[in-house]
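Below is one structure, written out as structure tokens; the observations come after it.
Read the figures in this text as sums done on the coordinates, not as results from a lab. Because the structure is predicted, anything quoted here is derived from the model rather than measured. All Cβ positions, glycine included, derive from the backbone under ideal geometry; neighbour counts span all protein chains shown.
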């Protein structure tokens, strides 16, 4: 096996594959020990194994959402991974079972009857019974349909010290959609929210985020909005320790599921459309996909195509495809909301029974449960939000039809 890409999802699938007894090598454009720059959050109840708790750098039990004049306590623990700990944990899991990493840029792949050959920019070739492309949202080797109207989540964040706490001490703010600091014209523009947390020791992380927009809200706009939000709260930045800039697709089309190469992570469009989260989901699903691939490769006469088909069936089975289409419909609906409407939406969303809103955000509901949750939410939202959802249903009927059929 050859895994291309050494981000969180690449290391996760490489480790999981090695634990099935397969011989695994990795290929990465940079050293697999190179520090990851972005922050990765996770709900603690989504961690698939207890030992992953030790890879978290921060945890919060006081997690809130601000919408309109309401502060909604979520009563659900949230954490940020310590990137170095998570990276070391996954690398060591693989190394204990013989995973070897090579540095090189994958530029092409050739498929033979019994194996595939990956060529690198410097002319080397790596042979493997199956290749797993985990190289990110713009994959090195996987083929996918041409994308149009791709919605992107964008964020501009600062880790730093401030003149006053930008959030309550010990608190994590999942979303603060309050927009009183914006002009009436700006409030009619695509809404953004604050994602923020107390890191302890006088440091805080504050990030202005656009959930999704086509083609993506400029980072300069988010930077300006973040500072205006802080100014309106009487908070000044004293020292920036780290600046984070994020821009990634939320609704990339799925890769072609009939190609003799497997994908994982962003390359396989595993971003959760309602939230943009992926790392926790990748950690949960890596063992399942790895087992499917190992079983397929153990069959007599196994080929790259037969193994990849088994892997794709595990990752994107018809039930997963149905739920993805429903989630994409939900995302399309949210992108129609202005600031006031989206705040009313989330006020109703977080008033749902806990199991429903947590399952929606964690992608753990069955298709029937997801449909019932969305219907319950439709009934609960105010009329203005309901009209927005009805308009989305008319415009996005193809997503709903594909959800019913379980198609890509």
(message) Between 0 and 90 degrees, rounded to the nearest ten: what's the tilt of helix 383-395 against the longest Cα principal axis of the chain?
(response) 30
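Using a/c under 1.5 as the rounded threshold, could you call the stretch 152-249 rounded, prolate or oblate? The axes a ≥ b ≥ c are square roots of the C-alpha gyration tensor eigenvalues, and prolate needs a/b larger than b/c, oblate otherwise. Could the numbers behind the result be given before it?
Values: a/c = 1.91, a/b = 1.45, b/c = 1.32.
Verdict is prolate for the stretch 152-249.
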(request) Match the structure shown to one of the listed values [x] 24; [y] 44; [z] 54 of percent of Cα pairs over 37 Å apart, computed from it, and give that label. (result) [x]
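With the radius of gyration and the Kirkwood radius both derived from the Cα set of the stretch 92-209, what is their ratio Rg to Rh?
Details: Rg = 22.9 Å, Rh = 19.4 Å.
Using Cα coordinates only, the ratio equals 1.18.
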(request) Note the angle between two axes, namely the Cα long axis of helix 367-380 and the longest principal axis of the Cα atoms of the chain, as a number of degrees from 0 to 90, rounded to the nearest 10. (result) 10
(request) Give me 233, 18, 351 ranked fewest to most by other Cβ atoms within 10 Å of their Cβ, as a rough exposure proxy. (result) 351, 233, 18
(message) Can you tell me how the stretch 64-160 classifies by the Cα gyration tensor, rounded, prolate or oblate, using a/c under 1.5 as the rounded cut?
(response) prolate
(request) Give me the distance between the Cα centres of the stretch 74-96 and the stretch 243-281, rounded to whole Å. (result) 19
(request) Starting from the Cα gyration tensor of the stretch 319-405, take the square roots of the eigenvalues, sort them a ≥ b ≥ c, and report rounded, prolate or oblate (rounded when a/c is under 1.5, otherwise prolate if a/b is larger than b/c, else oblate). (result) oblate
(request) Could you tell me how many degrees, from 0 to 90 and to the nearest 10, lie between the Cα long axis of helix 8-18 and the main elongation axis, the longest principal axis, of the Cα atoms of the chain? (result) 40
(message) Helix-only mean residue ellipticity at 222 nm, the chain, DSSP H runs n ≥ 4 weighted -39,500 (n - 2.57), per residue, nearest 500. What is it?
(response) -11000 deg cm²/dmol
(message) Taking every DSSP beta bridge with both residues inside the chain, roughly what % is antiparallel (nearest 5)?
(response) 75
(request) Arrange 55, 33, 49 by Cβ neighbour counts within 10 Å, fewest through most, would you? (result) 49, 33, 55
(message) Under 8 Å for C-alpha pairs, at least 6 residues apart: give me the relative contact order for the stretch 319-405, rounded to a whole percent.
(response) 54
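Can you tell me the order of 279-292, 3-16, 170-183 when each peptide is scored by its average per-residue count of other Cβ atoms within 10 angstrom, highest first? Each step should come with its number before you reach the end.
On the way: 279-292: 21.4, 3-16: 28.9, 170-183: 18.6.
Those peptides, ordered most packed to least, come out 3-16, 279-292, 170-183.
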(request) Please work out the C-alpha center-to-center distance from the stretch 17-34 to the stretch 337-390 and express it in whole Å. (result) 39
(message) Can you sort 250, 262 from fewest to most other Cβ atoms within 10 Å of each residue's own Cβ?
(response) 250, 262
